[in-house]
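The block underneath contains the structure these notes are about, expressed in structure tokens.
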Amino acid sequence: MCGIIGYSGSLPAREILLDGLSALEYRGYDSAGVALFGEAGVSVTRTVGKVRVLRDLLENAPKPAAAPTCGIGHTRWATHGGVSETNAHPHRAGHVTLVHNGIIENYRALRAELSGIGREPVSQTDSELAAMLIDSHYTGDPAAAVYTAVGRMEGSWALCILFDDRPGELYAIRRGSPLVAALTPDGAYAASDVAALCSRTRDVLLPPEDTLLILTPGSARLMDSQGAEVEPERMHVDWDTAAAQRGGFPHYMLKEIHDQPAALRDTLAPRLYDGIPNFESDGIDDGLFFGIRRVIITACGTAYHAGLAGALAIEQLARIPARAELASEVRYCDPILDTNTLVIVVSQSGETADTLAALRLAKERGARTMSIVNVKGSTIARESARVLYTHAGPEIAVASTKAFTVQLLCLYLVSIRLGMAAGTLSRRAGAELVSFLTQASMAVEEVIALDGRLEQAARSIAQAENLFFIGRGADWPMAQEGSLKLKEVSYIHSEAYAAGELKHGTISLIEPGTPVIALSTQPATREKLVSNVREVLARGAAVTLIETGDAGCPAGFPPECYIALPDIPARFASIPLACALQLLAYHTAVLRGCDVDQPRNLAKSVTVE
């Protein structure tokens with residue numbers, strides 16, 4: 001959730017840190033700060049608000065005789081303690097200055113321990129306690145102090161640390177939180193995300209957990225707790241830096257909605273061989289899919305909604321029991337897992353803490369596992385023996401759009417492959433389904449062409465404070481995703497219901513003018529859905545019906561409240577429908593004057609449980 005950047009080299013550190021923090025803004029944050037190692041020691045500047053405010057503070061500050069060439073920076077998303085300058089990072093304690101991403105779960109015990117030796121924190125954060133703990137063990141050996149301190153800590157962390165008497169040196173360590181590093185002719189870097197480094201280099205190092213990273217202007221070394229050198233895993237980042245720019249669009253969210261046709265093509269094409277799904281290029285052989293008796297898809301937020309749609313497709317196509325489970329709950333439900341259970345974990349960032357914990361539980365209990373992830377080198381990807389990468393490229397807006405549709409695509413491909421392995425689908429049937437999936441992916445461009453019509457629909461709901469989404473069958477997960485997307489970016493209170501459940505209580509909330517978004521992409525449920533629409537119309541609801549197919553506007557329904565999407569096979573219509581719902585949410589947020597790319601209180605990568 002928080003963003004970290006560190007640098008030691010020959011260039012002015014201030015600009016490198018600020019540029020790195022700007023590249024990490026998409027993760028969501030409420031305060032920012034940097035610590036610069038100059039001739040007079042370490043100086044800390046922190047502020048509530050955006051990185052641009054921090055930049056202004058630094059530009060207006062007195063200039064040192066020589067520009068500092070070493071420092072650390074941080075964007076904070078508040079967890080322990082409110083949003084304030086005091087709680088912002090970096091934190092100082094004695095000889096130590098650090099930034100922290102994660103949660104120190106035993107902070108109360110550590111605070112009491114430190115209080116017992118006369119050390120009291122200034123802030124409300126758990127992060128300051130980490131600085132105090134390291135400083136309390138520091139006697140001139142940074143490695144010994146860091147390893148002793150983290151041995152006392154419980155939870156998750158990525159720490160970047162400066163020591164007052166070690167100019168030009170930067171120390172970092174991680175457990176359960178992301179951290180990458182790089183070494184270039186200009187210096188050494190550490191960051192919580194490759195996005196912060198892409199403008200400097202495409203070749204990064206992936207430090208293992210509990211291994212100390214030591215950066216100097218000309219080196220990036222890894223050392224274990226016994227002092228032995230560790231060889232890092234290396235990765236080349238193939239993201240185009242232009243993909244992380246807005247490209248003339250007013251917001252990243254709109255740009256990423258328009259990225260979807262290419263993202264879907266890039267994700268689909270490498271997984272097709274002779275017209276059927278094939279995952280050999282991903283290092284996944286067919287043996288994974290044979291003998292599966294049950295599938296559990298686990299994820300959080302938007303990815304969970306993709307899991308709901310995927311589980312439905314697996315049951316329908318493979319006739320294997322499947323369900324989606326919230327990753328934040330699944331491990332507390334003591335799930336029954338065995339070697340004939342396939343657990344699919346889905347995460348855009350690959351760092352979602354609850355999803356990572358669910359993956360680890362599945363592995364411990366002997367289930368077969370596979371991950372669907374967008375970010376190479378992420379923790380979930382590195383801990384997964386089998387990974388389907390969603391080739392969406394960098395997604396900067398906090399509200400997920402293109403990452404969601406490619407997650408759907410991957411789950412649909414898996415459902416076809418499982419059906420063929422289970423014998424419920426012939427090769428010919430599998431190839432026909434792939435052709436339907438290709439049509440659904442191509443239809444996204446046609447939905448984008450309906451942008452003006454969806455903006456018009458947004459005008460009809462922009463002033464609402466309460467709203468409902470309804471759908472049946474495969475449209476029910478999409479109603480949940482559409483509702484979440486609208487809530488995330490427009491702050492309209494929205495709820496999603498299976499349309500048949502309205503009469504079991506919720507219809508009591510319908511009054512004249514209440515907006516209802518009704519979704520209909522499934523011919524088998526259309527008649528029932530239209531009946532539910534008439535029920536809310538009779539009570540004065542302002543309904544917008546979004547539908548695929550050529551059935552046309554239902555009799556007596558206002559044509560201006562009817563949106564017809566491309567006529568495509570219903571099996572995978574959720575993909576173009578998702579795009580329509582994203583555009584509806586986007587335009588509603590713009591009309592309401594909301595911060596579309598960085599909604600309040602939200603973070604892109606949720607690395608705390």
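Identify, please: which residue in region 460-483 is surrounded by fewer than 17 Cβ atoms within 10 Å (Cβ to Cβ) and in contact with a His (Cβ under 8 Å, 6 or more places away or on another chain) and is, among those, farthest from ALA498 (Cα to Cα)?
Ranking the candidates gives GLU465 first.
Against the definition (within 18 Å of GLU25 (Cα to Cα) and either among the aromatic types (Phe, Trp, Tyr) or surrounded by fewer than 22 Cβ atoms within 10 Å (Cβ to Cβ) (or both)), how does GLU85 come out, yes or no?
yes
From the residues in region 536-561 that are within 16 Å of GLN456 (Cβ to Cβ) and among the β-branched types (Val, Ile, Thr), which one is nearest to the chain's Cα centre (by Cα)?
The qualifying residue nearest to the chain's Cα centre (by Cα) is ILE546.
Going through region 147-170 one residue at a time, which ones are within 16 Å of GLY102 (Cβ to Cβ), modelled with pLDDT of 90 or more and open to solvent by less than 50 Å² (accessible area, probe 1.4 Å)?
ALA149, VAL150, MET153, ALA158, LEU159, CYS160, ILE161
Identify, from the list LEU288, LEU312, LEU317, LEU268, the residue that is touching a residue at least 40 places away in the same chain (Cβ under 8 Å), of a type in the set (A, V, I, L, M) and open to solvent by 30 Å² or more (accessible area, probe 1.4 Å).
Details: LEU288 fails: open to solvent by 30 Å² or more (accessible area, probe 1.4 Å); LEU317 fails: open to solvent by 30 Å² or more (accessible area, probe 1.4 Å); LEU268 fails: open to solvent by 30 Å² or more (accessible area, probe 1.4 Å).
One residue alone meets the criteria, LEU312.
Tell me, which strands (runs of 3 or more DSSP E) lie completely within region 190-230 with 2 or more residues that are aliphatic (A, V, I, L, M) and open to solvent by less than 10 Å² (accessible area, probe 1.4 Å)?
Once the strands (runs of 3 or more DSSP E) in region 190-230 are filtered for at least 2 residues that are aliphatic (A, V, I, L, M) and open to solvent by less than 10 Å² (accessible area, probe 1.4 Å), what remains is 203-206, 212-216.
For the list (1) part of a helix (DSSP H, G or I); (2) modelled with pLDDT under 90, I need the number of the one condition that LEU18 fails.
Failing condition for LEU18: (2).
Residue under question is TYR252, and the condition is that it be without any contact (Cβ under 8 Å) to a residue 24 or more places away in the chain and aromatic (Phe, Trp, Tyr); does it hold?
So TYR252 fails the test.
Do you know which of the residues in region 291-309 that are closer than 15 Å to ALA367 by Cβ and aliphatic (A, V, I, L, M) is surrounded by the most Cβ atoms within 10 Å (Cβ to Cβ)? Spell out the reasoning first.
Initial filter on region 291-309 (closer than 15 Å to ALA367 by Cβ): 291-298.
Filter again for aliphatic (A, V, I, L, M), leaving 292, 295-297.
Details: ILE292: 20, VAL295: 26, ILE296: 24, ILE297: 29.
Among those that are closer than 15 Å to ALA367 by Cβ and aliphatic (A, V, I, L, M), it is ILE297.
Output the number of the condition that GLY82 fails; it satisfies all remaining conditions of (1) in contact with a Ser or Thr (Cβ under 6 Å, 6 or more places away or on another chain); (2) farther than 22 Å from ILE214 by Cα.
Every listed condition holds for GLY82 apart from (1).
Give the number of residues within region 21-40 that are of a type outside the set (A, V, I, L, M, F, W, C) and either assigned to a strand (DSSP E or B) or surrounded by 24 or more Cβ atoms within 10 Å (Cβ to Cβ) (or both).
Total meeting the criteria: 5.
Right, GLY3: in contact with a Lys or Arg (Cβ under 8 Å, 6 or more places away or on another chain) and either open to solvent by less than 30 Å² (accessible area, probe 1.4 Å) or closer than 19 Å to ARG200 by Cα (or both) or not? Full working, then the answer.
Values: in contact with a Lys or Arg (Cβ under 8 Å, 6 or more places away or on another chain): yes; either open to solvent by less than 30 Å² (accessible area, probe 1.4 Å) or closer than 19 Å to ARG200 by Cα (or both): yes.
The answer is yes for GLY3.
Restricting to region 271-285, name every residue that is surrounded by fewer than 21 Cβ atoms within 10 Å (Cβ to Cβ) and more than 13 Å from TYR389 (Cβ to Cβ).
Looking only at region 271-285, we keep the residues that are surrounded by fewer than 21 Cβ atoms within 10 Å (Cβ to Cβ), and these are 272-276, 278, 280-285.
Selection gives LEU272, TYR273, ASP274, GLY275, ILE276, ASN278, GLU280, ASP285.
Please work out if LEU254 is at pLDDT below 95 and buried (at least 20 other Cβ atoms within 10 Å of the Cβ).
Yes, satisfied.
Scan region 152-189 for residues that are touching a residue at least 40 places away in the same chain (Cβ under 8 Å) and assigned to a loop (DSSP other than H, G, I, E, B) and jot them down.
If the condition is that a residue be touching a residue at least 40 places away in the same chain (Cβ under 8 Å) and assigned to a loop (DSSP other than H, G, I, E, B), then ARG152, MET153, GLU154, ASP164, ASP165, PRO167, GLY168, GLU169, SER177, PRO178, LEU179, ASP186 are the ones that fit.
If a residue must be surrounded by 15 or more Cβ atoms within 10 Å (Cβ to Cβ) and in contact with a Gly (Cβ under 8 Å, 6 or more places away or on another chain), how many such residues does region 46-75 contain?
Looking only at that region, the number is 11.
Can you work out which of the residues in region 106-122 that are touching a Ser or Thr at 6+ places or on another chain (Cβ under 8 Å) and not in a helix (DSSP H, G or I) is farthest from SER156 (Cα to Cα)?
Taking region 106-122 and keeping what is touching a Ser or Thr at 6+ places or on another chain (Cβ under 8 Å), we get 114, 117, 119, 122.
Those left that are additionally not in a helix (DSSP H, G or I): 117, 119, 122.
Values: ILE117: 25, ARG119: 23, VAL122: 22 Å.
Only one residue tops the list, namely ILE117.
Any idea which residue in region 533-560 is modelled with the highest pLDDT, counting only those that are charged (D, E, K, R) and more than 21 Å from GLU501 (Cα to Cα)?
Restricting to residues being charged (D, E, K, R) and more than 21 Å from GLU501 (Cα to Cα), the top hit is GLU560.
Of these, HIS74, HIS89, which one is in contact with a strand residue (DSSP E or B) (Cβ under 8 Å, 6 or more places away or on another chain) and either assigned to a loop (DSSP other than H, G, I, E, B) or of a type in the set (Val, Ile, Thr) (or both)?
Result: HIS89 is the single residue among HIS74, HIS89 that is in contact with a strand residue (DSSP E or B) (Cβ under 8 Å, 6 or more places away or on another chain) and either assigned to a loop (DSSP other than H, G, I, E, B) or of a type in the set (Val, Ile, Thr) (or both).
Being more than 18 Å from ALA309 (Cα to Cα), in contact (Cβ under 8 Å) with a residue 40 or more places away in the chain and surrounded by 15 or more Cβ atoms within 10 Å (Cβ to Cβ) narrows it down to one residue among THR588, THR525, THR521; which is it?
THR588
The values are calculated or read from the model by the stated rules, or taken from the named source; none is laboratory data. Predicted model, so just to flag it, every value in this text is computed and none were measured. When we count neighbours, we look across all protein chains shown, and the Cβ atoms used for this are built from the backbone with ideal geometry, even at glycine. Heavy atoms of the whole protein, side chains included, go into the accessibility calculation; ligands, DNA and RNA do not. Shrake-Rupley method; radii C 1.70, N 1.55, O 1.52, S 1.80 Å.
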